[in-house]
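Enquirer: Mind having a look at this structure? Questions to follow.
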Amino acid sequence: MPHPPHLDTRVSRPFDLIAFDWDGTLFDSTAIITRCIQDAVRDVGGVVPSDQEAAYVIGLGLTQALAHAAPDVPTAKYPELGARYRHHYLARQNDISLFDGVLPMLADLKAHQYFLTVATGKSRRGLDTALQAVELQGLFSGSRTADETASKPDPRMLQELMLEFGVTPERTLMIGDTTHDLQMAYNAGCASVGVSYGAHDASTFDALKPRYVAGSVRELHDWLLGRP
């Protein structure tokens, strides 16, 4: 088990482990994923979901997301539906980039010795491909994906990360752009922060009691380091 990070006496730090959602929180991918879901449903002859309906399922595991976005598609077609989604996503993945300010924020948090982790609805293969980017090397201490544990909002992703790093729920923070992320944190007994620049309308966050809702990466960065 990794040793807990040493506290920086210059900074009052209420958390030791920060878990980030990926798409819509760190990566500017909401619009592209929405289009890929719609294209995949169209390809298999389903009723194409609206932008809002397609964006709502972002963050869930792929099968769960596609089933929710295309309830009229029979389960026998789920493998084909998933394959068509992956086809469209791979064709567009080079158009996806980190939000401005994410790298400086992660580097700053790493310098303050937080355990930085990822809890995502992406597949392990998809996340590992993204993490191969040179600029992300060494920033994250751990991760969980929907295909290797339970999908959000089940708390298992966070529970496994807390167990791995020996951190209690009270010292764990989940950051995400959807109600799925915040509900997972609530179910795990952890604090959460929402971001309003991703897939879900921030007005839906209130019932899940996030500590803060950031309107930009800059606002998130400042809040995490206690800057006014």
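The values are calculated or read from the model by the stated rules, or taken from the named source; none is laboratory data. These figures come from a predicted structure and were not determined experimentally. Methodologically, a virtual Cβ is constructed for each residue, glycine included, from the backbone with ideal geometry; neighbour enumeration extends over all protein chains shown.
Enquirer: So is H112 more than 18 Å from the chain's Cα centre (by Cα) and not basic (K, R) or not?
Expert: Values: more than 18 Å from the chain's Cα centre (by Cα): yes; not basic (K, R): yes.
Yes; evaluated as a whole, the condition is true for this residue.
Enquirer: Being small (G, A, S) and either under 23 Å from V195 (Cα atoms) or in contact with a Cys (Cβ under 7 Å, 6 or more places away or on another chain) (or both) narrows it down to one of A119, A76, so name that one. Even if it seems obvious, please write down each step before you answer.
Expert: Working: A76 fails: either under 23 Å from V195 (Cα atoms) or in contact with a Cys (Cβ under 7 Å, 6 or more places away or on another chain) (or both).
Result of the check over A119, A76: A119.
Enquirer: Quickly run through the range 37-64 and pick out the residues that are among the hydrophobic types (A, V, I, L, M, F, W, C) and buried (at least 22 other Cβ atoms within 10 Å of the Cβ). Working first, answer last.
Expert: Narrowing the range 37-64 to residues among the hydrophobic types (A, V, I, L, M, F, W, C): 37, 40-41, 44, 47-48, 54-55, 57-58, 60, 62.
I37, A40, V41, A54, A55, V57, I58, L62 - these are the residues of the range 37-64 that are among the hydrophobic types (A, V, I, L, M, F, W, C) and buried (at least 22 other Cβ atoms within 10 Å of the Cβ).
Enquirer: When residues of the range 19-36 are filtered for being touching a residue at least 12 places away in the same chain (Cβ under 8 Å) and surrounded by fewer than 20 Cβ atoms within 10 Å (Cβ to Cβ), how many remain? Break it down stepwise before answering.
Expert: Step one: filter the range 19-36 for residues touching a residue at least 12 places away in the same chain (Cβ under 8 Å), giving 19-30, 32-36.
So of that shortlist, the ones also surrounded by fewer than 20 Cβ atoms within 10 Å (Cβ to Cβ) come out as 28, 32, 35.
Counting residues in the range 19-36 that are touching a residue at least 12 places away in the same chain (Cβ under 8 Å) and surrounded by fewer than 20 Cβ atoms within 10 Å (Cβ to Cβ) gives 3.
Enquirer: Something else about it: Name the pairs: first residue in the range 88-105 and within 24 Å of D39 (Cα to Cα), second residue of a type outside the set (D, E) and in a strand (DSSP E or B), Cβ to Cβ under 8 Å, at least 6 apart or on different chains?
Expert: That search, which allows pairs on different chains as well, returns I96/F27; S97/F27; L98/F27.
Enquirer: Let me ask something else. State yes or no: is D72 surrounded by 15 or more Cβ atoms within 10 Å (Cβ to Cβ), in contact (Cβ under 8 Å) with a residue 12 or more places away in the chain and over 20 Å from S151 (Cβ atoms)? It would help to see each step written out before you state the result.
Expert: Details: surrounded by 15 or more Cβ atoms within 10 Å (Cβ to Cβ): no; in contact (Cβ under 8 Å) with a residue 12 or more places away in the chain: yes; over 20 Å from S151 (Cβ atoms): yes.
No, not satisfied.
Enquirer: Quick one: in the range 10-43, of everything that is basic (K, R) and part of a helix (DSSP H, G or I), which residue is nearest to L225 (Cα to Cα)? Please lay out each step first, then the result.
Expert: Step one: filter the range 10-43 for residues basic (K, R), giving 10, 13, 35, 42.
Checking which are part of a helix (DSSP H, G or I) leaves us with 35, 42.
Working: R35: 35, R42: 44 Å.
Ranking the qualifying residues of the range 10-43, first place goes to R35.
Enquirer: OK, next. For the range 109-228, give me every one of the helices (runs of 4 or more DSSP H) that falls completely inside it and has 3 or more residues that are touching a Pro at 6+ places or on another chain (Cβ under 8 Å) and modelled with pLDDT of 90 or more.
Expert: Working: elements: 124-131, 156-165, 179-188, 217-224.
Where helices (runs of 4 or more DSSP H) fall fully within the range 109-228 and carry at least 3 residues being touching a Pro at 6+ places or on another chain (Cβ under 8 Å) and modelled with pLDDT of 90 or more, they are 156-165, 179-188.
Enquirer: Counting only residues that are hydroxyl-bearing (S, T, Y) and farther than 19 Å from H68 by Cα, how many does the range 150-170 have?
Expert: First, the residues of the range 150-170 that are hydroxyl-bearing (S, T, Y): 151, 168.
Still in the list and also farther than 19 Å from H68 by Cα: 168.
Selection size over the range 150-170: 1.
Enquirer: Does G194 satisfy the condition of being under 22 Å from D16 (Cβ atoms), in contact with a helix residue (DSSP H, G or I) (Cβ under 9 Å, 6 or more places away or on another chain) and surrounded by 15 or more Cβ atoms within 10 Å (Cβ to Cβ)?
Expert: Values: under 22 Å from D16 (Cβ atoms): yes; in contact with a helix residue (DSSP H, G or I) (Cβ under 9 Å, 6 or more places away or on another chain): yes; surrounded by 15 or more Cβ atoms within 10 Å (Cβ to Cβ): yes.
It is true that G194 is under 22 Å from D16 (Cβ atoms), in contact with a helix residue (DSSP H, G or I) (Cβ under 9 Å, 6 or more places away or on another chain) and surrounded by 15 or more Cβ atoms within 10 Å (Cβ to Cβ).
Enquirer: Can you find, within the range 50-84, the residue that is modelled with the highest pLDDT among those that are among the small types (G, A, S) and closer than 16 Å to D23 by Cα?
Expert: Residues of the range 50-84 that are among the small types (G, A, S), as a first pass: 50, 54-55, 59, 61, 65, 67, 69-70, 76, 82-83.
Next, from what is left, pick out any that are closer than 16 Å to D23 by Cα: 54-55, 59, 61, 65.
Numbers: A54: 86, A55: 82, G59: 74, G61: 77, A65: 82.
Here the answer is A54.
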